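The values are calculated or read from the model by the stated rules, or taken from the named source; none is laboratory data. As the structure is a computational prediction, the values presented were derived from the model and not from experiment. Cβ atoms come from the backbone with ideal geometry, glycine included; neighbour counts cover every protein chain shown.
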């Protein structure tokens, strides 16, 4: 039995409008090699200039990960040749990164543990290489894009823990508004370092799995690599320190190159950028950018609103959805509905009907959804008070979305208010009693025989007939009580 040690290096593209050291546009999907200039292409004699917004975003992430921001931070040149690095070096941070000595708590899936954050450092991204047969194409639009690298200590032990870390981090940066977290576009990607050893013997030979672009691949790649290394040690073989790639078609890691050490990059201070000393105004702006993060928000939703863990996690997955939910709950409370009762009802509508509509209409975020949270609250309150049936309430929601109209007026115009007058309902029940006399006889016989299942089935049919006659407006409870009284009276 071996002990495993996993550390992650997660790279996120910061949502700055321009690149980190030049004024070129920073955007995904533009025509290749259109967002380039002499600075990001590494022409001789050019001078980089630090994007202050990238530094602020990076420090915001660092603070959200409980990191310390040093009094001074600076940049170094990381030397290496690769076709997608025009300068043949990368401007990065090494000696004093912008975020240091942090931690996060992993919680979920029966996992609860602290993972230390070694550092967060700001750097420029490389370009993109596209390989087609024997030809390689280079797109330098991404070269120089603001990239924040988050490095953990080797505190994780399984692929499942690493997957959870990635998912929590993705939620965090999306909540902060500093990264879209689209792993399929490369705006969040991870390198995973893993080693195994006998318990109590410390770290083993480290293997890096490069460029994992989904949290699932992080889990699969690490679990495969742990088993591969264990098999080697069982055979008295040596694990080679190297960089490997995850082959998603074969579900295995494959060798890429031997692993470089820090000295191989020959770091030295970037001479064209001054030391950055954050002043009070900068630090205040960083603190002001912090928001309530997903994990504490989920706990609050459970405690304050009575949601279960699954509901809280689904609603808090996206900040915009959680904000929408809270606005609707507040609006329902203002209309007189108990907070926890309203929250439970609204959660059900959000996680079923609204999620379904968002998917049907191809909306990735609730931000462009036409149903205002106040209008959702009105519908929920009307259903809760018996002013409209659940069925008509859902129909009204579709109409409200389609016509962009206030729900109360729409419900009145459509004649969907719930009928709760026992006398009026009794007239309809009496008409159904005459039309369905045979069914009432069968229900009475089932009751006499003690066949409760058949009696319930026949009663449900009769209630449905009354609702059909009233256009779904009659209060089902009143209808059910009157039907039951007729069945009990031969």
Residue list for the stretch 66-91, filter: touching a residue at least 60 places away in the same chain (Cβ under 8 Å) and either under 18 Å from residue 39 (Cβ atoms) or part of a strand (DSSP E or B) (or both):
73, 75, 76, 77, 78, 79, 91
Given the options 212, 188, 164, name the one that is closer than 22 Å to residue 56 by Cα and crowded, with 21+ Cβ neighbours inside 10 Å.
188
Could you say which residue among 254, 242, 310 is more than 30 Å from residue 87 (Cβ to Cβ) and either assigned by TED's automatic domain parsing to the domain that holds residue 223 or free of Cβ contacts under 8 Å to residues at least 12 places away in the same chain (or both)?
310
Among (1) outside any helix (DSSP H, G or I); (2) more than 20 Å from residue 293 (Cβ to Cβ); (3) at pLDDT 95 or above, which single condition is residue 160 missing?
(1)
Considering only residues that are in contact with a helix residue (DSSP H, G or I) (Cβ under 8 Å, 6 or more places away or on another chain) and not in a strand (DSSP E or B), look in the stretch 92-113 and name the one that is farthest from residue 316 (Cα to Cα).
94
Determine whether residue 334 is within 15 Å of residue 307 (Cβ to Cβ) and either touching a helix residue (DSSP H, G or I) at 6+ places or on another chain (Cβ under 6 Å) or surrounded by fewer than 17 Cβ atoms within 10 Å (Cβ to Cβ) (or both).
no
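Yes or no, residue by residue, for (1) within 23 Å of the chain's Cα centre (by Cα); (2) assigned to a loop (DSSP other than H, G, I, E, B); (3) under 30 Å from residue 160 (Cα atoms):
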| position | (1), (2), (3) |
| --- | --- |
| 9 | yes, no, yes |
| 20 | no, yes, no |
| 23 | no, yes, no |
| 27 | yes, yes, no |
| 32 | no, yes, no |
| 40 | no, yes, no |
| 43 | no, yes, no |
| 50 | no, yes, no |
Which condition breaks for residue 141 when tested against (1) part of a loop (DSSP other than H, G, I, E, B); (2) out of contact with any helix residue (DSSP H, G or I) (no Cβ under 7 Å at 6 or more places or on another chain); (3) under 19 Å from residue 210 (Cα atoms)?
(3)
So how many residues does the stretch 114-138 have that are loosely packed, with under 14 Cβ neighbours inside 10 Å and part of a strand (DSSP E or B)?
8
Which condition number does residue 105 fail, the rest of (1) over 22 Å from residue 23 (Cβ atoms); (2) free of Cβ contacts under 8 Å to residues at least 24 places away in the same chain being met?
(2)
Tally up the residues in the stretch 221-240 that are surrounded by fewer than 17 Cβ atoms within 10 Å (Cβ to Cβ), over 11 Å from residue 196 (Cβ atoms) and touching a strand residue (DSSP E or B) at 6+ places or on another chain (Cβ under 8 Å), please.
1
